[in-house]
1. Going from most exposed to least, what order do Arg799, Arg782, Arg596 have by accessible area with a 1.4 Å probe?
2. How far apart, in nm, are the 7 Å Cα→Cβ label points at Arg704 and Lys925?
3. Hey, which of these cross-link pairs are over 21 Å Cα-Cα: Lys212/Lys935; Lys214/Lys360; Lys100/Lys695?
4. Picking from Leu270, Phe280, His258, whose Cα lies most toward the positive end of the charge dipole for region 256-318 (charges on Cβ: Lys, Arg +1; Asp, Glu -1)?
5. Which entries in Lys466/Lys803; Lys110/Lys774; Lys232/Lys257 show an alpha-carbon gap greater than 24 Å?
6. Between Leu895 and Leu686, take the C-beta separation as r, use R0 = 51 Å, and let me know the FRET efficiency to the nearest 0.05.
7. Explain nothing, just the number: relative contact order of region 725-796, from Cα pairs under 8 Å at least 6 residues apart, as a whole percent.
8. Among rounded, prolate and oblate, which fits region 323-458 when a ≥ b ≥ c are the square roots of the eigenvalues of its C-alpha gyration tensor, a/c under 1.5 means rounded, and a/b larger than b/c means prolate?
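The values are calculated or read from the model by the stated rules, or taken from the named source; none is laboratory data. Since this is a predicted model, take the numbers as computed values, not measurements. Reconstructed Cβ throughout: ideal geometry from the backbone, glycine too, with neighbour counts over all protein chains shown. Note: accessible area is taken over every heavy atom of the protein model, side chains too, but ligands, DNA and RNA are not part of it. Shrake-Rupley method; radii C 1.70, N 1.55, O 1.52, S 1.80 Å.
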Amino acid sequence: MDDNEPMEHEDPPTMDVWSSADITCGDLKDQPGQSLHDTMKENDKYHVTSDEEKGIHIINIKAIEDIGYIQPDTLLLNSLGADQESACKHGLCFTDGQRKVDYILAYTYKKSSTNRTLSKKFHHNNSLHASRSSKDSHQLPGGTGDVEHAENEPKIDYHEDDKRFRREEYEGNLIETGLELEKDEETKLHGVGFVKIHAPWNVLCREAEFMKLKLPTKKIYHINQKQGLMHKLNSVLQKITEPIQPKVASHRPQTVKHLSYPFSREKQHLFDMSDKDSFFDSKTRSSIVYEILKRTTCTKAKYSMGITSLLANGVYSAAYPQHDGDYENDIEPNDRKLLCDEWASYGVFYKYQPIDLVRKYFGEKIALYFAWLGVYTQMLIPASIVGIIVFLYGCATVDHDIPSMEMCDQRNNMTMCPLCDKTCNYWKISSACATARASHLFDNPATVFFSVFMALWAATFMEHWKRRQMRLNYRWDLTGFEEEQDHPRAEYEAKVLQKSLKKDQRRKETEKEKLTWRDRVPAYATNLVSIIFMIGMTFAIVFGVIVYRVSTAAALAMSSNPSARANVRATVTATAVIINLVVILILDEVYGCIARWLTQIEVPKTDKTFEERLIFKAFLLKFVNAYTPIFYVAFFKGRFAGRPGDYLYIFGSFRMEECAPGGCLMELCIQLSIIMLGKQLIQNNLFEIGIPKMKKLIRYLKSRRQTYLGHEEPLKKKQRYELDYDLEPFAGLTPEYMEMIIQFGFVTLFVASFPLAPLFALLNNIIEIRLDAKKFITELRRPVAVRAKDIGIWYNILRGIGKLAVIINAFVISFTSDFIPRLVYLYMYSPDGTMHGFLNNTLAYFNVSDFKPGTGPNIDEEVGYPVEICRYKDYREPPWSENKYDITKEFWAVLAARLAFVIVFQNLVMFMSDFVDWIIPDIPKDISEQIHREKVLMVEVFLKEEQGKLQLLETWKENDKKKGENYNNQSPRLFRCSTESPTSAYSHRVDV
């Protein structure tokens, strides 16, 4: 065995060797009369060069098997059966019906009038370039065309020729890594060719070891179950929730678990390989192939090009793993159909998600998104219930609210100052009765309690998710997973190459180049200026809407229609909010594209860095875009309007708008509800459903037209990879997360003004889960599975929004609502200790003779009597005072109370949130115990293995001693030889 030991450190053999090994190990047993040479001849279409050319002898294959590249007497797939025949028909395997298709590379090519296809030449190692001119070079399985015929025909254009050469070299390099390829250009899609990739067993084992994949071992242990009262409660809860559990086997509670360990070819005997076909599932196989695709390069273009660069340059048009099969009609069961029935159907909206099956099919990163969305939706249920109770409390107490009753009382009717200059008339405060009553539904003492509750809810939600995430990490064997350094992005490598070429022109240097902050200064400056400009543009748009509101209010006030004049405020508010909504939806798409462009010019090194920077920029811009109109209504509207006789004007003629007598909280509620509901309904229905379906329809019509023009047979059924090619490419989870994070902001930031926000978010998310699931199953190509142990930067954004929500809700309660002014009046200024007189206390007096010339109303017939004194909402001295129209002491008392409330509320709620964070452990106790137990069991497994080795050595020594004694009894000469070299016999046996 010493002679074969170095093979563990050698480069893995190519596809041809492993194909020969597979045939030797499996096929020869079924064909005892056939020689190895004949068998390999029959399978010559899978080979490029012969074993003799490579200098590899079949006698060494057993040694290769011993180190874990190939398992003896076992094929990766069994002989062609009924299931494999159907799989082969649907494009799920190679034409031999055995090897699974793990990945697809698609490319476009131009067919000549004779429908010829280009030759496919693949070579190995040092003979790759030298043998290109050879006419007897081998072709890839499935390829067609004659080399001599191709040489005699006129050449196609340079770009197509260049792409073909790049593909040839890249695919040849893939074969050298051990992958097996098969081409298919006789497809129903006109001008589209496909390269099917299969990873044989030896490649899977090698890459699994490189990627440190944790796989199940043979060791099985029982999971400790809760005892006593908790066990009974869990069993009762399981029986109650049985109807809402998905009908998926993997969703059942686990009582036993396989001990997992990072895969090692030297320790294959530890792993549970009873079924090698399912030992590496489809998402693991595709992720292994994708890792090889990223690592493999072609250098024909004078610089290294990986799969991302080849896709970007159009050498390949797509690269994707296949779906497991169809999801419609009465087809053979597969994971995709099961997910479609039990997860992506609106009829199962009330059921739990089969997260384990989602992870098995799509990988951990996508499964974590849906798990987080499920936890968020579950946590919205108690928040919705409390919000409904708060709203019902407002409805029940609206008839007992003294300030709104005083406003609606006709006997106490007060004449209010005009809302605009010249054209607006005096008006009665009783006309705002409906607004005041509606404001009480959201502006009542229960709102303060709800704000505190939602702050604690956000902290509890974050802790609950951390615990849920830890349980999933344990269940999915990710407890010790650490993300490795990712491969550099193709754009980064190209930029480094440009820099090195510039330096090489000046001086020769051998050290490896990299991009420094000096190289990125122009990009950083562009980012800063662009972000400031876009934020300024958002503010400008909001200011434009303000001008629209003011000008429209003035125009409607001059209308001859009495109903238009009576509903000025409602009309202006509704139309302005709709304009804001449309602008927000448009700018959301624009800002998303700009954020991606700004991130691209920074040239981040890895995909992870690129994604984090993109998320930060997109979130910043979309946050400002979505919440700027709401911030204006909550904190700025009516604060700088001035007073009668001294108003603040825009452009010298338009007065700044004021809040209604009942306050701006009702308008804030309208603004928040319309923007929140409008974003959810339009983005969900139009952007997430309509646009993908429209793109799919366009691609379908285009392919039909090309098929008709190409005179392809219309009855030929498409293969699985052709159907997947028509689907929309997966664009990442950033849009999905972003939509939910913005919604989380609506639920928490301004919840004091809209207690029903959690309810509308809950209803939306119930649909959103199934909508996203249906999109992933039916509308998108299957994404490459990505391992992840958390949701990444999104968790930090959620925590930041939760902290910001406490501050914003404190200011909304203090400055936007009338909660603090009512408390100050009740305990400091009320003559009888009740709220009677509060309305009169908040309205100041103004003498109409103090209007500036040309600003007073032209007519006062609607009032019915001459007006001398009008009222406006402010804390100011009356006109008969010595310091008329100055701010009163009550204003300062209310302001001090507001600021004190903000400080107390913020610190109290922050302390309570941190207390919740501290009291709830991040790792559940039972999970912590199970993780510790797994470590102990793994140590025991290795100790037993070492003990077994020692016992084996002792047995060998004893056998050697016994045989030595026998030799001594039979021949003294042999005894003398053994005493001269006491270790020779043992050493000899170990070598054998």
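1. Working: Arg799 75, Arg782 10, Arg596 100 Å².
Sorted descending by solvent-accessible area, the residues read Arg596, Arg799, Arg782.
2. Distance between label points: 6.4 nm.
3. Values: Lys212/Lys935 17 Å; Lys214/Lys360 14 Å; Lys100/Lys695 30 Å.
Beyond 21 Å: Lys100/Lys695.
4. Phe280
5. Values: Lys466/Lys803 17 Å; Lys110/Lys774 35 Å; Lys232/Lys257 22 Å.
Lys110/Lys774, as the Cα separations exceed 24 Å there.
6. Using R0 = 51 Å, I get an efficiency of 0.65.
7. Working: 21 pairs, mean separation 38.7, N = 72.
Over region 725-796, the number comes to 54 percent.
8. The shape class here is prolate.
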